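Beneath this line is the structure, given in structure tokens, with notes to follow.
What follows is calculated from the coordinates using simple rules that are stated; it is not laboratory data. None of the values given here were measured: they were computed from a predicted structure. Using ideal geometry, Cβ is built from the backbone for each residue, glycine included, and neighbour counts are taken over all protein chains shown.
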Amino acid sequence: MADYRAPLKQMLFTIEHLADFKDVVALPDFSAVDGEMTASVLEEAGRFATGVLAPANWLGDQQGVRVVDDAVQVPPEFTAAYARFCEGGWPGIASNPEFGGQGFPKAVAIACDEMWASANVSFALCPELSQGAILALDRHATEELKQQYLEKLISGQWTGTMCLTEPQAGSDLAALTSKAQPHGDRCLISGRKIFITWGDHPMTENIAHLVLARLPDSPPGTKGISLFLVPKYRLNADGTPGERNDVFPVSVEHKLGIHASPTCVMAFGDNGGAEGFLVGKVNEGLAAMFTMMNYMRLGVGVQGVGLSERSYQQAADFARERKQGRAPGAKGSVPIIRHPDIRRTLLLMRALTQAARSICYYTACCLDRGNHAADAESAATWQARAELMTPIGKAWPTEIGQEVTALGIQVHGGMGYVEETGVAQFYRDVRIASIYEGTNAIQAIDLVGRKLLRDGGAAVSAFVSEMRAQDAPLANAGEDFAAVRQALARGLDEVVLCSTYLIGGEKRDPELVSAAAFNYLMLLGTVIGGWQLARGALIAAAQIGTPGSDRVFLDTQVLLAKFYAEQVMPRALAHGAALRTGSASIMALSVDNF
Ligand SMILES: Cc1cc2nc3c(=O)[nH]c(=O)nc-3n(C[C@H](O)[C@H](O)[C@H](O)COP(=O)(O)OP(=O)(O)OC[C@H]3O[C@@H](n4cnc5c(N)ncnc54)[C@H](O)[C@@H]3O)c2cc1C
């Protein structure tokens with residue numbers, strides 16, 4: 001692992017200024033949290049990520065995982081790291097204090113999540129899934145289940161999984177066939193789930209699987225799905241793990257990346273039925289599971305940020321060391337960082353990473369403000385913004401993650417393509433992030449279908465007006481900010497144009513939403529990233545020269561915003577122009593002609 005001191009400053013700046021931290025800590029639930037406390041939590045997280053998680057990353061990639069005697073084996077270093085993770089209290093950093101959580105805002109936890117993913121994304125997936133399960137149980141489970149499971153999950157003593165996918169039911173969960181047969185006060189669950197992350201492992205004494213299944217006589221489709229908690233070990237009367245439940249890992253997948261994260265085929269009920277307990281209401285399982293899925297979506301988005309950051313750090317270090325070629329005014333061969341093309345590449349990596357980070361942290365702040373608001377009106381406002389941001393916060397940073405980690409390889413030349421440097425692993429590991437938790441296409445369709453069209457554009461329009469409010473301060477900031485101002489204004493105009501085009505065109509052309517959605521999401525992500533960097537630049541410019549300020553860091557914020565305006569914002573217009581051609585040429589070729 002490179003060093004977490006440099007991004008720590010960037011992360012704290014992002015939390016404070018771009019995730020509107022003062023509005024988050026003004027909420028009654030977070031009255032005990034302040035900036036100083038947050039800085040020391042993140043410093044400690046950085047130490048843990050660098051010192052404990054990162055050293056296990058490469059060996060996890062090389063050793064992988066396997067199933068022996070109905071149990072998944074993971075590298076012993078992972079088990080040791082997990083024990084230390086729990087000792088540090090990290091599993092419950094943002095969880096409910098009523099069950100032993102530390103109650104930090106998501107806006108703080110997201111920065112920890114970035115560091116865990118950066119250091120060792122295979123490892124990070126395990127506590128991340130537990131967090132999602134905790135949230136779903138806290139919101140939807142009975143009091144009894146909460147008392148039995150939450151404290152153990154929050155302390156990290158047990159972990160949680162998410163069991164949705166079946167061979168015939170991936171993006172389309174309506175096709176799900178796993179069964180739940182009522183059996184006294186519980187159900188017996190049977191069926192096969194595939195691709196279950198950390199579906200089994202030896203790191204904890206129990207695992208709580210959250211499983212989607214159908215009760216008898218339930219309606220077909222998504223309206224007939226219920227959610228169940230299925231423990232690996234049934235609980236004794238005193239709450240300790242007892243008899244083995246009828247749920248077993250069958251195999252683990254061999255895959256492109258995240259080799260140390262067991263991706264399991266899970267068999268439920270092969271020997272009579274796995275005991276499961278209803279979570280939430282009958283046939284409303286998908287809605288309850290969405291609590292977990294929405295949480296996980298942002299967690300996946302920040303994986304893109306963490307792996308981009310790490311790839312950038314390693315590429316910048318390499319570019320300072322590696323000597324090749326000549327440069328005007330220099331004698332002999334020069335470090336490649338001297339070449340404008342390498343600088344362009346490194347700046348692109350850094351600007352995209354910071355834009356993606358600011359999007360994820362901002363989404364976390366919207367969730368905090370929506371979930372912990374003091375009044376109903378502000379809860380509704382921020383929940384709507386969080387809903388709008390969630391598909392963007394998942395998909396844009398994971399697209400960026402693929403681009404940045406590919407660029408990281410490019411900076412290394414041939415050394416990037418060989419495994420020893422480690423940058424190839426970041427590229428392989430990040431590739432899954434645009435696929436799981438709902439592919440980025442599904443996120444984009446959700447953004448257009450549910451977040452834009454359903455309210456006739458109201459949520460997007462409110463956000464655009466807020467982003468436009470930066471125009472006056474950018475104008476007042478003078479010539480230095482002219483390019484940033486112009487790029488943001490043009491980008492926002494394009495968002496309005498495309499939103500209107502979609503709202504007007506969707507009824508005329510039934511293929512339009514799916515044809516246009518990806519470009520719409522990339523347009524919005526690019527513009528929101530530009531807005532955030534512009535905000536950061538204005539704040540930085542105002543701080544230059546103030547006592548104790550760091551001139552280099554502040555100048556860099558201004559430079560990143562300018563670079564992004566010049567080199568990245570033109571992409572927004574290209575996405576818009578492509579979107580506004582509609583679906584005709586996309587649908588023109590017959591299926592047989594592909
Ligand atoms: C490593 C790994 C870990 C995973 N972890 C978990 C886990 O812990 N729990 C779990 O339940 N699942 C997990 N999954 C499953 C994952 O969520 C699914 O793979 C994902 O949702 C996509 O489903 P699918 O693979 O069936 O692809 P499909 O749904 O078959 O999609 C194939 C392609 O078609 C596109 N497509 C599908 N439907 C539409 C549509 N309506 N409109 C436009 N395009 C469409 C998709 O975008 C994609 O490009 C994991 C998968 C992997 C590989």
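Remarks
- Each part gets one Cα centre, and for segment 174-240 versus segment 476-501 those centres are 49 Å apart.
- Electrostatic bookkeeping for residue 326 treats Lys and Arg as +1 and Asp and Glu as -1; over the other residues with beta carbon under 15 Å from its beta carbon, the sum is +3.
- Each residue of segment 213-219 was assigned a 3J(HN,Hα) from its phi angle through the Karplus curve 6.51 cos²θ - 1.76 cosθ + 1.60 (θ = phi - 60°); the sequence is 8, 10, 7, x, 6, 6, x Hz, with glycine and proline shown as x.
- For the peptides 467-479, 270-282, 293-305, the ranking by mean Cβ contacts within 10 Å, running from highest to lowest, is 293-305, 270-282, 467-479.
- Rounded to 5, percent antiparallel among DSSP beta bridges of the chain: 85
- Amide H contacts for residue 251 (H built 1.01 Å from N in the peptide plane; partners 5 or more residues away or on another chain; cut-off under 5 Å): 265.
- Evaluated at q = 0.12, 0.15, 0.23 Å⁻¹, the base-10 log of the normalised Debye intensity for segment 434-551, with identical point scatterers placed on the Cα atoms, takes the values -0.53, -0.73, -1.23.
- The coefficient of translational diffusion for segment 355-474, derived via Stokes-Einstein from the alpha carbon Kirkwood radius under 25 °C and 0.890 mPa s, stands at 150 µm²/s.
- Loop-located chymotrypsin sites (Phe, Trp or Tyr not before Pro) in segment 445-523, at most 16 other Cβ atoms within 10 Å (DSSP): none
- At least 30 Å along the helix axis (C-alpha) and Kyte average at least 0.5, DSSP helices within the chain: 106-140, 482-505, 512-543
- Taken over segment 132-252, the alpha-carbon convex hull comes to 114 cubic angstrom per residue.
- Here the ratio of the Cα radius of gyration of segment 1-64 to 2.2 N^0.38 Å is 1.43.
- Counting DSSP beta bridges with both ends in segment 113-255, the antiparallel % (nearest 5): 65
- Largest-first ellipsoid semi-axes for segment 50-138, taking √(5λ) over the Cα gyration tensor eigenvalues, angstrom: 25, 16, 11
- Spatially, segment 566-588 and segment 375-420 are offset by 20 Å when compared through their Cα centroids.
- Where the Cα pairs of segment 63-111 fall when distances are cut into 10 Å bins, in %: 23, 33, 27, 17, 0
- Packing, taken as the mean count of other beta carbons within 10 Å per residue, orders the peptides 141-148, 49-56, 60-67, 364-371 from highest to lowest as 364-371, 49-56, 60-67, 141-148.
- Translational diffusion of segment 222-295, µm² s⁻¹ [Kirkwood Rh, Cα pairs; Stokes-Einstein; 25 °C; 0.890 mPa s]: 169
- Pairs of alpha carbons in segment 181-321 whose separation is greater than 23 Å (percent): 47
- The loop-placed chymotrypsin sites (Phe, Trp or Tyr not before Pro) in segment 70-151, going by DSSP, include none that has at most 10 neighbouring Cβ atoms within 10 Å of its Cβ.
- Radius ratio Rg over Rh of segment 516-575, counting only Cα atoms, Kirkwood formula for Rh: 1.14
- Cα principal axis extents for segment 338-392, largest first, Å: 55, 17, 10
- Where only DSSP H runs of four or more residues are counted, the chain gives -18500 deg cm²/dmol as its mean residue ellipticity at 222 nm, each run worth -39500 (n - 2.57).
- Checked against a 27 Å cut-off, the cross-linked pairs 146/281; 232/255; 22/152; 9/331; 106/394; 255/323 give Cα-Cα distances beyond that limit for 22/152; 9/331; 255/323.
- Overall shape of segment 70-218 was characterised from the C-alpha gyration tensor. The equivalent ellipsoid obtained from it has semi-axes of 27, 19, 15 Å, in decreasing order.
- What the Cα convex hull of segment 295-429 gives, in volume per residue, is 104 Å³.
- Ranking of 506, 114 by count of other Cβ atoms within 10 Å, fewest first: 506, 114
- Base-10 log of normalised Debye intensity for the chain (one unit scatterer per alpha-carbon) at q = 0.07, 0.10, 0.12 Å⁻¹: -0.42, -0.88, -1.26
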